[in-house]
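So the structure is just underneath, and the comments pick up after that.
What follows draws every value from the coordinates through simple rules; no lab data is involved. All of these numbers come straight from a predicted model, not from anything done at the bench. Cβ coordinates were reconstructed from backbone atoms using ideal geometry, including for glycine residues, and neighbour counts include every protein chain displayed.
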């Protein structure tokens, strides 16, 4: 067995001190170490954990993601369309439940057969982690080299690899809503471009805009392409998790996640996580037009969801229904002056410009110039 403490300290010496993940019994002792001795973000699912760690990577921190191999299926979207596309590396540890020849539960049988093949198909470098510390240190050096070359690297972990590391008592705080402003009058219903133009006017040397996948990012690019913008090109539903990781490691920056109703509905489990960690420099804006606009205008079920109430119920400190562009501008300016984690909902009209193009800058370039803007 590996001494979990010694192995974790080796990781820390290499700069890996930010973790996010979802528990697995094979990884419990490494998770315990991360909680005890590092910065650890409890994610609702494995895809969110990857996005949170990618956000930390974007913010200049070497980050680690932990998951059971059953959750690798949940993580394929950000691994293939966020980490790969933007060259945002994370160091992963995935358990090998259902290992061929080992007795396990029936739900792990297939994943045990295909875990390593899945990683290879996703062009993720991987190795089976040795339970010998000397050999594992050599593996860590290879993994670290991959990360420094902007390549994600995963260790596949067999049962019994890590020695016991007791979990210190966790003192959990309670996330509480402080301000909740619900709809009080008619909505102005601007088009998306008008909302993005309003946001663009408020950019400054401290503010980062992260736009969700689809037409939101494409329209923001056409409003004005600036170095403090990131245009998500995939990994639908991961924008606020990416923003959470970035906000936690870059507290001097104002991080604005521009979300869509279809996107947020896809991964609403991110909201309790965001609320629990509640970095005051994170603003989560939901642009809601009750439509999957990027794929032809199919309806979402957002008309049946009170997002302001949901955000308040999971503990976002401020949750506000915004009725107009002028209100939107006022609330953002107030947030910059008195930062506290805030959720803003603005209802929009459907549709987008008929001649809408796509960003003319490649994702790795978007990442590099944004990191330069943040002086990383």
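Data overview
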{"item": "Exposure proxy ranking, count of Cβ atoms within 10 Å, fewest first, for 5, 278", "result": "5, 278"}
{"item": "Cα shape, segment 1-40, gyration tensor, a/c 1.5 rule", "result": "oblate"}
{"item": "Residue order, fewest to most surrounding Cβ atoms within 10 angstrom, among 129, 121", "result": "121, 129"}
{"item": "Cα gyration tensor, segment 73-151 - rounded (a/c under 1.5), prolate or oblate", "result": "oblate"}
{"item": "Rh (Kirkwood; distinct C-alpha pairs) - segment 233-330, Å", "result": "14.1"}
{"item": "Per-residue Cβ neighbour rank within 10 angstrom, fewest leading, 159, 253", "result": "159, 253"}
{"item": "Two-decimal Rg to Rh for segment 4-157 - Kirkwood Rh, Cα set", "result": "0.93"}
{"item": "Within the chain, helix-based [θ] at 222 nm, where runs of 4 or more DSSP H residues each add -39,500 (n - 2.57), nearest 500", "result": "-11500 deg cm²/dmol"}
{"item": "Correct option for Cα extents along the principal axes in Å [calculated from the coordinates] among [x] 67, 44, 39; [y] 81, 49, 39; [z] 63, 43, 43", "result": "[z]"}
{"item": "Residue 206-residue 123 pseudo-label distance in nm [points 7 Å out on the Cα-to-Cβ vector]", "result": "3.9"}
{"item": "Kirkwood hydrodynamic radius of segment 93-228, Cα pairs, Å", "result": "20.8"}
{"item": "With Cα atoms, 0 to 90° folded angle of helix 28-37 axis to the chain main axis", "result": "60"}
{"item": "Theoretical FRET efficiency, 1/(1+(r/R0)^6), r = Cβ-Cβ of residue 109 and residue 350, R0 56 Å, to 0.05", "result": "0.80"}
{"item": "Extension gain (nm, one decimal) between residue 326 and residue 39, 0.36 nm per residue minus Cα-Cα", "result": "99.5 nm"}
{"item": "Between helix 133-148 and the chain: long-axis angle, C-alpha atoms, 0 to 90°, nearest 10", "result": "30"}
